[in-house]
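Below are the structure tokens for one structure; questions will follow.
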Amino acid sequence: MDFLISGFLEAIRLLSVGDAETFAAIFATIRVAGLSMSVSLLIGIPLGYLLGYLDFPGKRSLRMVVDTLLSLPTVFIGLMVYALLSNRGPLGEMGLLFTLTGIAIGQAILALPIIIALTASAVESLDASLRLTLMTLGASPGRIFLTSIREARHGLLTAAVTATGRVLTEVGISMMVGGNIKWHTRTITTAIALETNKGQFATGIALGLVLLALAFGVNLSLSLLRRRG
Amino acid sequence: MKEILRLKQVRHSYNGRTVLTMPELRIMSGTITGLAGPNGSGKSTLLKIMALTERCSSGTVYFNGSAVAPFDKQVRHRLTLLPQAPYLLKRTVSDNISYGLKIRNRTEDITAAVHGALELVGLDASFSNRLWFELSGGEARRVALAARLALKPACLLLDEPTAGVDMESARSIRRAVLLARRDWGTTLVIASHHQFWLNDICEELIYLYNGRRLRGSFENILLGPWERTGEGLVRAQLADGQYVYAAPPQGRENAAVIDTGGFAPARPQKEPAARTIRELRGTVTGIFQDRLQDAPRIHVICGDHLFVVAASDQFLRDRELRPGQQVTLAYDPAAVSWLPA
């Protein structure tokens, strides 16, 4: 038990003195999560809107596929992205393996089904008379899209927070595609795994606390946005 | 008078079932047209097609002489519909009313426009800062109407604008749409179950049944079920046990109609009625005179069915009718017509 308490105290010290190695992992995590979330929101929201808004043959099957992808194992995504980005893979020439961009590609694949599925659900739950009302007020199709997204904003925020939580806490993709390279591709989760293996609980706990703080910050932002209506 | 809307050979289907057939319909600019008919007669579908919020399965809609389709910019900025269940955006009343103005880039003096529209529907300017969930059903309907009136549309279509709202809201809504017609020359097309209101304000009343336009008066629709009698007639029972008789339909028709002019006061009992004439006993509930009809209308309730009877002044004077009075109406079953199935 003592090693946990001393590890916790050491963690506080590492964070308060601004330990370079610890903060390198924190910044790498924020950068890669920011990139992957930006891409997945930009692609996922329009696709989720179309999936929830339109009626077309095969919609239910497509919904089932998207829902299945919600439980994609991160190590499987890591494996596939590794295969694509490795020298022997079709995208090997791009030199993205063991880079933060490579990790972001994998994390975007992880987040995308979450954004699409939850956006589609949020759009489906909108009042059926919204579209009719907007049309009667003279809205163009583009304006209907933007207004519908705004009306479904609480559902979309939930989608974004859920996906962010998944991206921040995954290990498999970051480890396999990033390679856990110190100062470069080491993220909070890969660092925790490594430090724990080395018996360095203090760094692991410090990084765990940061992860918790990040998750709290994201949820607090959501709560404030909801309160603003 | 200029034609603002025209439907030509319009047919609309849902899942292969035809719900509207309108070979020709013309709405003249600046007029008030009423749409009447029972539930499911196609009134809302017709309004949506006229408002270009729904594309008809076949046929053409013309606006000011040009063939138009949903999302045509020149039309969607001049034509608007107040749906039966209007949606309010999850924002303030002001945001809801100014939404259409911003789309049209009419952003100058939006506050004055919002307050003006609120005043038209009888709501105070202080309502502009309320949120959507802070409104009662009637207030929400009035805000939705204000959002349309703020646009000063050339044509305003209203689907049951006063259904399910309190009396004050209904009065404000009626007043506001008539002001829009008076002040801006807005063409009004109103679907409503308030036949008396429609009769009172409309220049033309269109009856719909099973998605088709019917000619004549259709206040007295009887939906059956019908059973055959030994006298070669069919009859439907009213709630008080009386029967309404009709000559059998030619096909599978199930809805019959008695023209408002098809009733006559029953003869005194000492004068035997013609063998073919049948009678209905009921209670007078009201006597009305509207602008659209020449003869006053007597409302007579028989069982739970309200019959509307066209009566001459002479008839009213002779009978000295008043609400609450028992009356016996005579009609000829052979004159009862059948509506197309």
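The values are calculated or read from the model by the stated rules, or taken from the named source; none is laboratory data. Worth saying up front: this structure is predicted, and the values here are computed from it rather than measured. Don't worry about glycine lacking a Cβ; one is built from the backbone with ideal geometry, like all the others, and counts go over all protein chains shown.
Hey, among B:208, B:233, B:198, which residue is buried (at least 18 other Cβ atoms within 10 Å of the Cβ) and assigned by TED's automatic domain parsing to the domain that holds residue B:333?
B:233
Let me ask another. Considering only the range B:40-68, state which residues are within 12 Å of chain A (Cβ to nearest Cβ) and free of Cβ contacts under 8 Å to residues at least 60 places away in the same chain.
Residues satisfying the conditions are B:48, B:52, B:53, B:54, B:55.
Which residue is surrounded by the fewest Cβ atoms within 10 Å (Cβ to Cβ), if the candidates are limited to the range A:64-94 and must be assigned to a loop (DSSP other than H, G, I, E, B) and within 15 Å of the chain's Cα centre (by Cα)? Spell out how you get there, then give the answer.
To start, the set of residues in the range A:64-94 that are assigned to a loop (DSSP other than H, G, I, E, B) comprises A:70-73, A:86-91.
Those left that are additionally within 15 Å of the chain's Cα centre (by Cα): A:70-73.
On the way: A:70: 14, A:71: 7, A:72: 16, A:73: 11.
So the residue we want is A:71.
Counting only residues that are of a type in the set (A, V, I, L, M) and more than 8 Å from every other protein chain (Cβ to nearest Cβ), which one in the range A:124-133 is surrounded by the most Cβ atoms within 10 Å (Cβ to Cβ)?
A:126
I would also like to ask the following. Out of the residues in the range B:223-249 meeting the condition of being of a type in the set (Gly, Ala, Ser) and in a loop (DSSP other than H, G, I, E, B), tell me which one is nearest to the chain's Cα centre (by Cα).
Checked the range B:223-249; the qualifying residue nearest to the chain's Cα centre (by Cα) is B:224.
Name, by its number, the condition in (1) of a type in the set (A, V, I, L, M, F, W, C); (2) more than 19 Å from the chain's Cα centre (by Cα); (3) at pLDDT 95 or above that does not hold for residue A:193.
Result: residue A:193 passes all but (3).
Within the range A:114-229, which helices (runs of 4 or more DSSP H) (wholly inside it) include 1 or more residues that are within 19 Å of residue A:34 (Cβ to Cβ)?
Here the list reads A:153-169, A:188-197, A:201-227.
Next question. Strands (runs of 3 or more DSSP E) wholly in the range B:1-87 with at least 1 residues that are closer than 20 Å to residue A:129 by Cβ - which ones?
Correct list: B:3-14, B:17-28, B:32-36, B:79-82.
Sticking with this one: Of the residues that sit in the range B:298-336 and are modelled with pLDDT of 80 or more and of a type in the set (Ser, Thr, Tyr), which one is farthest from residue B:258 (Cα to Cα)?
Checking each candidate, the answer is B:328.
Among the residues of the range A:148-189, write down those that are without any contact (Cβ under 8 Å) to a residue 24 or more places away in the chain and over 30 Å from residue A:225 (Cα atoms).
A:180
Looking at (1) modelled with pLDDT of 85 or more; (2) in a loop (DSSP other than H, G, I, E, B); (3) not hydroxyl-bearing (Ser, Thr, Tyr), which is the one condition that is false for residue B:252?
Of (1) modelled with pLDDT of 85 or more; (2) in a loop (DSSP other than H, G, I, E, B); (3) not hydroxyl-bearing (Ser, Thr, Tyr), only one is false for residue B:252: (1).
Here is a list of conditions, (1) of a type in the set (A, V, I, L, M, F, W, C); (2) away from chain B (no Cβ under 14 Å); (3) in contact with a Gly (Cβ under 6 Å, 6 or more places away or on another chain), and residue A:137 meets all of them except one; can you say which number that is?
Result: residue A:137 passes all but (2).
Within the range B:83-105, restricting attention to residues that are within 9 Å of chain A (Cβ to nearest Cβ) and of a type in the set (A, V, I, L, M), which residue is nearest to the chain's Cα centre (by Cα)?
Among those that are within 9 Å of chain A (Cβ to nearest Cβ) and of a type in the set (A, V, I, L, M), it is B:85.
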